[in-house]
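For reference, the structure discussed in these notes is given below.
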Amino acid sequence: MCASFNDHVYDIVKQIPAGCVATYGQVAALAGKPRNARAVGYALHANPEPGVIPCHRVVFRDGSLAPGFAFGGPDRQRALLRSEGVTFVEPCERGNAGAPGLRVDLSRCQWHA
DNA sequence: CCTGTGACTGAAC
DNA sequence: CGTTCAGCCACAG
C-alpha cells in the first residue's frame, strides 16, 4: 500500500480484537517503525474515523492512556475496556508500586498480532 | 526544502 | 520514587 504511515496505524488499530489492547510501540512495530511510537500517537490524534478506530485500545507501555487526551477521560476508557473484557490492574500490583492509577493488565490483555 | 511540534519510550539524576 | 533529558520519526505549515 502506498498509504502513509498514518494509514498503516489506523489499519492496525482497527485490527485489534475486543478484550485486548496494544501499546504505541506495538502498533508502531507492526507499522514497520518500532521507534515511531510518537507517530502512532500523532496518527491517533488525527483520528479521521472516530468510532471506527478503537484508540482506547491503544495504551502506553505501562498500560495507561494519555490523561487528558483520552476520548472522554480515563474513567470512560476504563468502563469501555472493562466492558470489552479487558482486565485492569489496580495500584500495588506487578510486584510493587509501578505506575500509579489504573492501567491495563498487559500481561493478560496485550494484543498478539 | 526546512522548521516545529508531538496520544512515546527508555534511561539518567 | 518522581521528574527530567535525549532520541526517534512522521505530519503540517
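The numbers here are math on the coordinates, done by the rules we state, and not lab data. Since this is a predicted model, take the numbers as computed values, not measurements. Neighbour counts run over all protein chains shown; Cβ positions are idealised from the backbone, glycine included.
Relative to the longest principal axis of the C-alpha atoms of chain A, give the angle of the C-alpha long axis of helix A:74-84, reported between 0 and 90° and rounded to the nearest 10°.
80 degrees
Okay, helix-only estimate at 222 nm for chain A: each DSSP H run of n ≥ 4 adds -39500 (n - 2.57), divide by all residues, round to 500 deg cm²/dmol; what do you get?
Helix contribution divided over all residues of chain A: -10500 deg cm²/dmol.
Between beta-carbons, use under 13 Å as the cut-off and find the net charge around A:Ser4, counting Lys and Arg +1, Asp and Glu -1.
-1
Can you tell me what percent of all Cα-Cα pairs in the range A:1-58 are more than 15 Å apart?
37 percent
Between A:Cys2 and A:Ser107, how many nm apart are label points set 7 Å from Cα along the C-beta direction?
Label-label distance for A:Cys2 and A:Ser107, simple model: 4.8 nm.
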